[in-house]
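Visitor: To start, I am sharing the structure in question, which I have written as structure tokens.
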Amino acid sequence: MSRAPLIARKQELPLKNENTSLFLQVIISIAVFIFALTLSGVLSVNSVVNNWNKSILGSLTVQIIPVNDSNKEKARAETLAYEEKAVDFLKSVNGITKVTPLSDNQLNDLLRPWLGDGINIGELPAPRIIDVRIDPDAEIDFIQLAQDLANASPQASLDSHKLWLNKLIAFADGLNLIATTILVLISAITSGAIFYTTQMSLGLHHNIIEILHIIGAKDTYIAQQYAKRMAFLGFIGGVIGLLFAIPAIFFIGNLALSVEGGIISEAGMNISDWITVMALPLFSMLISMLTAYYTVKKTLKKMP
């Protein structure tokens, strides 16, 4: 004869046998799947913006407009002379730590994706480029610097990248706003499904709940049973959704890497980002547990 276990968990409410358990797990799995993809996209875009912010804010680009002359050799010599004047001026500016004019080979590498192989920068009226590194702590008036540079070398123009960076940040902010809206909607839909499913379960077990009240059970005790059950369903559903999301994230990441020479290819997630994504089952468990608990508490207060 089998003996009953010495320690057993009380389960007066038959919550494990409810038909809605599978439905909730599917809803939570889909929600976590979409949540993980959206969140990974937001984190990747933010990492790109941060990386560009760190690299761009410490640099300037000076462009030497090529001299227009029918004599190519003369035009090239004059352009290089303007470049030399710009380099000499930039080296004298406080706060500028390094001035590097790009060589013909470097310019060829920059133009190759657009013009193809076999180009000769000396035969093209291409501008000369000077890479300028500045001290991050330096206070430089870029408007005044651009004017002084133009006086020192009339063919030179300054680009501090701030306008381009501001557009990139605005683009990232727009994506974050859309992603945040999606995340809020997913959380609201999931919470709503848990809310109505819990209320349906309370109606089905109304008689059992009344008996529990008669023998002295508090609303908190009943709410805890629902919270434990929903926490379990939320965690399992979150794990299932995450298991489907991780391969999808890697697949999208590989597609991004195949895009050569663009912002998309530089998107990526660091360790802390992956920890955030991997913690989504715990988040879904917490949302499920709290939603069920307060739904039961609020509903039982209205019961006669």
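Visitor: May I ask you to rank 69, 141 by accessible area, largest first, using a 1.4 Å probe over the protein chains only?
Guide: Sorted by accessible area, descending: 141, 69.
Visitor: Under a 5 Å amide H to amide H cut-off, with H placed in plane at 1.01 Å, what residues pair with residue 67 once short-range neighbours are removed?
Guide: Here 79 satisfy the definition.
Visitor: Leaving out ligands, DNA and RNA but keeping every protein chain, what accessible area does residue 228 have, in Å² rounded to the nearest 10, with a 1.4 Å probe?
Guide: 130
Visitor: If you rank 269, 285, 230 by how much accessible surface each has, with a 1.4 Å probe, what is the order from largest down?
Guide: Details: 269 40, 285 65, 230 10 Å².
Result of the area sort, largest leading: 285, 269, 230.
Visitor: Whole-Hz Karplus ³J(HN,Hα) for region 133-147, in order, using 6.51 cos²θ - 1.76 cosθ + 1.60 and θ = phi - 60°, x for Gly and Pro?
Guide: Calculated HN-Hα couplings, in order: 9, 10, 5, x, 8, 6, 9, 10, 7, 5, 5, 5, 4, 5, 5 Hz.
Visitor: Under a 1.4 angstrom probe, counting protein chains only, how are 143, 130 ranked by accessible area, largest first?
Guide: In descending accessible area the options line up as 143, 130.
Visitor: Please give the per residue accessible area of region 66-154, computed with a probe of 1.4 Å over protein heavy atoms only, in Å².
Guide: 66
Visitor: Follow-up question, since we're still on this one. Considering only protein heavy atoms, what is the solvent-accessible area of residue 240 at a probe of 1.4 Å, reported in Å² to the nearest 10?
Guide: 70
Visitor: Can you give me the % of accessible surface on region 66-154 that is carbon or sulfur? Probe 1.4 Å, all protein chains present, nothing else counted. List each step's numbers first, then the result.
Guide: Numbers: 2800 of 5830 Å².
Reported share for carbon and sulfur atoms: 48 percent.
Visitor: Using each residue's phi in region 63-74, evaluate 6.51 cos²θ - 1.76 cosθ + 1.60 at θ = phi - 60° and report the 3J(HN,Hα) Karplus result to the nearest Hz, with x for Gly and Pro.
Guide: 10, 9, 5, x, 6, 8, 8, 5, 8, 4, 5, 5
Visitor: Between residue 279 and residue 181, what is the spin-label point distance in nm, taking each point 7 Å from the Cα along the Cα→C-beta axis?
Guide: Distance between the two pseudo-spin positions: 2.7 nm.
Visitor: Using θ = phi - 60° and the Karplus relation 6.51 cos²θ - 1.76 cosθ + 1.60, list the HN-Hα couplings for region 39-47 in order, rounded to whole Hz, with x at every Gly or Pro.
Guide: 5, 5, x, 4, 5, 5, 5, 5, 5
Visitor: If you don't mind, another one. Using amide H atoms built 1.01 Å from N in the peptide plane, name the residues 5+ places from residue 59, or on other chains, whose amide H lies under 5 Å from its own.
Guide: Distant-sequence amide H within range of residue 59: 134.
The values are calculated or read from the model by the stated rules, or taken from the named source; none is laboratory data. Predicted, not measured: the structure shown is a model, and the values here were computed from it. Neighbour counts are summed over all protein chains in view; Cβ atoms, including those assigned to glycine, are modelled from backbone coordinates with ideal geometry. For accessibility, only protein heavy atoms count, side chains too; no ligands or nucleic acids. Shrake-Rupley method; radii C 1.70, N 1.55, O 1.52, S 1.80 Å.
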